[in-house]
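Asker: Sharing a structure, written as structure tokens. Questions coming.
The values are calculated or read from the model by the stated rules, or taken from the named source; none is laboratory data. Worth saying up front: this structure is predicted, and the values here are computed from it rather than measured. Quick reminder, even Gly has a Cβ in these numbers, built from the backbone with ideal geometry, and neighbours come from all protein chains shown.
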Amino acid sequence: MEIDLVGHDGGSLRGDFLQTLDVTDVFSGWTETRAVRNKAQKWVFEALLDIIATLPFPVRGIDSDNGSEFINNQLVRFCSEKKITFTRSRPYRKNDNCFVEQKNYSVVRKTVGYMRFDTAEELQVLNDIYDRLRLYTNFFQPSMKLIEKTRIGSKVKKRYDKPRTPYRRLLETPGIDEKIKTKLIAAYNVLNPAELKRQIISLQDKLFNIHINKKTMLRKEETPPDLSSTFSVRQ
């Protein structure tokens, strides 16, 4: 799994703002997201444990960037106890985490945008969105994987595999336990993609309205009161 944080700062790094923990399986493309109140190690670690418990397959390895929210004794100790290989990318080399970086945009940014989220109410709605989004993305959104890249002179020729959802990739993999596949099939059979999409859109509207109302209230608080009516004008 590659892991990363997406900041919801809205263009201003002042104060605390929400973060989304993005966790992506390199092999299947299975992606899980959780919103946390800031980059503090405590919240990020709790969200990662929740994601690992939710995944339909065991985690064999975790790869992160060099942020202190990931590179700390707590996560190192956890990986050692669970026999999970823990690696990190090279500084300033985003391509080292290219799989999760792709999902930062295609899953997180395309769904919730670039606005600033920094309240408990927005945190709740974000996670309500992610509860539905994980099902919609992993079971119903196919993607292609790069198989081969060949350089011919100044041009690069890329060859991709057949588009498949993470769910289908897992089902078609011989080495995966049949119990895992049975659980995945049972989960898939009760899902309605149209209903999931409607719920996601409704929650997106709710999140947007919360954000607009918050900005409106902030502008009112920052606007100085009109004192002209309290003073009489001397003729």
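Asker: Find all pairs meeting these conditions: Cβ atoms under 7 angstrom apart; at least six residues apart or on different chains; first residue within the stretch 57-73 and free of Cβ contacts under 8 Å to residues at least 60 places away in the same chain; second residue among the charged types (D, E, K, R).
Answerer: From the stretch 57-73, the pairs are N66/R88; I71/R88.
Asker: How do the pairs read when you match residues in the stretch 114-134 that are under 14 Å from T54 (Cα atoms) with residues anywhere that are small (G, A, S) and modelled with pLDDT under 95, using Cβ under 6 Å and keeping only pairs 6 or more apart or on different chains?
Answerer: Pairs that qualify, where the first residue is under 14 Å from T54 (Cα atoms) and the partner is small (G, A, S) and modelled with pLDDT under 95: there are none.
Per-residue answers, yes or no, for (1) under 29 Å from R164 (Cα atoms); (2) buried (at least 19 other Cβ atoms within 10 Å of the Cβ); (3) touching a residue at least 40 places away in the same chain (Cβ under 8 Å):
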{"position": "G10", "(1), (2), (3)": "no, no, yes"}
{"position": "E32", "(1), (2), (3)": "yes, yes, yes"}
{"position": "A35", "(1), (2), (3)": "yes, yes, yes"}
{"position": "L48", "(1), (2), (3)": "yes, yes, yes"}
{"position": "A53", "(1), (2), (3)": "yes, no, no"}
